[in-house]
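The next block holds one structure in the form of structure tokens; read it before the comments.
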Amino acid sequence: MGKINEKLAEIGEIVEFGGYIWRVLDVQNGQALLLSEFVLESRAYHSENVAITWENCTLRHYLNGEFYEKFSVADRAKILQMELKNSGNPLFGTKGGNITTDNIFLLSLEEIVRYLGDSDKWANISNWVDEHLIDDKFNENRIAKYVDGTPEWWWLRSPGYGSYDAVGIDEFGRVNLGGGFVSEVDSGVRPALWIKLEF
């Protein structure tokens with residue numbers, strides 16, 4: 001593994017960028033979507049247990065502020081600002097909030113399915129009765145660990161059962177659509193970003 005080859009980035013490749021290790025999820029139009037390969041830290045989605053969306057949560061402001069500033073000026077110049085759709089929860093109907101523009105973000109439910117494995121469970125989500133987990137053959141793809149190998153629940157930006165909850169991936173790789181309380185501090189952060197490739 002080496003630094004990202006900014007001319008030949010390939011989907012599934014594990015690369016270094018900005019001092020962190022990333023997995024390449026997508027490459028298109030001279031841009032690459034990177035997801036941190038490891039859980040980088042534990043943080044709450046929001047500092048208080050209140051109704052909140054991605055737009056106003058403290059984790060978003062941290063990622064686009066203090067965390068973003070950890071990158072060098074040269075690396076920040078490669079990170080693209082992206083307009084993100086924040087859809088509601090397809091099972092519980094919780095609103096996802098406004099479109100946001102972010103440098104650093106968490107993946108959404110839709111992006112998890114698109115990049116880490118689609119299954120019939122997702123396609124039939126409207127027919128679920130007593131379930132709130134996507135538990136399928138793609139679990140292994142979704143498991144996240146700290147550098148020391150310890151698995152951890154990690155946040156998505158999508159809303160959960162209610163507006164006090166955010167969706168996450170549990171330590172077994174299952175997508176928990178009910179989510180966890182936004183103020184839960186023992187939850188993993190796995191940032192994502194788009195970078196500009198050089199040709």
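The values are calculated or read from the model by the stated rules, or taken from the named source; none is laboratory data. Here the structure is a predicted model, which means the values were calculated and not measured. Virtual Cβ from ideal backbone geometry, glycine too; neighbours counted across all protein chains shown. Side chains included, ligands, DNA and RNA excluded: accessible areas come from the protein's heavy atoms. Shrake-Rupley method; radii C 1.70, N 1.55, O 1.52, S 1.80 Å.
Condition first: open to solvent by 40 Å² or more (accessible area, probe 1.4 Å) and touching a Ser or Thr at 6+ places or on another chain (Cβ under 9 Å). Now tell me which residues in the range 39-52 satisfy that. Correct list: 42, 43, 47, 48, 49, 50, 51. Contact map, the range 92-111: residues that are open to solvent by 60 Å² or more (accessible area, probe 1.4 Å) and of a type outside the set (Gly, Ala, Ser) paired with residues that are modelled with pLDDT of 95 or more and assigned to a helix (DSSP H, G or I), Cβ distance under 6 Å, separation 6+ or inter-chain. Pairs shown: 98/55.
Residues that are open to solvent by less than 50 Å² (accessible area, probe 1.4 Å), assigned to a loop (DSSP other than H, G, I, E, B) and modelled with pLDDT of 95 or more were ranked within the range 164-199; the one that is farthest from residue 109 (Cα to Cα) is 183. In the set (1) among the hydrophobic types (A, V, I, L, M, F, W, C); (2) in contact with a His (Cβ under 8 Å, 6 or more places away or on another chain); (3) more than 27 Å from residue 166 (Cα to Cα), the condition left unmet by residue 91 is number (3).
For residue 79, indicate whether it is among the aliphatic types (A, V, I, L, M) and either free of Cβ contacts under 8 Å to residues at least 60 places away in the same chain or open to solvent by 50 Å² or more (accessible area, probe 1.4 Å) (or both). Judged against the criteria, residue 79 is not a match.
A single entry from 64, 86, 49 fulfils the requirement of being under 14 Å from the mean Cα position of the chain (by Cα), modelled with pLDDT of 95 or more and farther than 28 Å from residue 139 by Cα: 64. When each of 119, 158, 72 is tested for being among the polar types (S, T, N, Q), touching a residue at least 60 places away in the same chain (Cβ under 8 Å) and open to solvent by less than 60 Å² (accessible area, probe 1.4 Å), the lone residue that passes is 158.
Any residue at all in the range 165-182 that's farther than 19 Å from residue 43 by Cα and aromatic (Phe, Trp, Tyr)? Yes, the range 165-182 contains at least one residue that is farther than 19 Å from residue 43 by Cα and aromatic (Phe, Trp, Tyr).
Residue 131 meets each of the listed conditions (1) part of a loop (DSSP other than H, G, I, E, B); (2) at pLDDT 95 or above apart from (2).
Annotation: of all residues in the range 89-112 being of a type in the set (A, V, I, L, M) and more than 13 Å from residue 156 (Cβ to Cβ), the one that is farthest from the chain's Cα centre (by Cα) is 91.
Residues that are in contact with a Gly (Cβ under 7 Å, 6 or more places away or on another chain) and under 14 Å from residue 105 (Cα atoms) within the range 71-95 comprise just one, 86.
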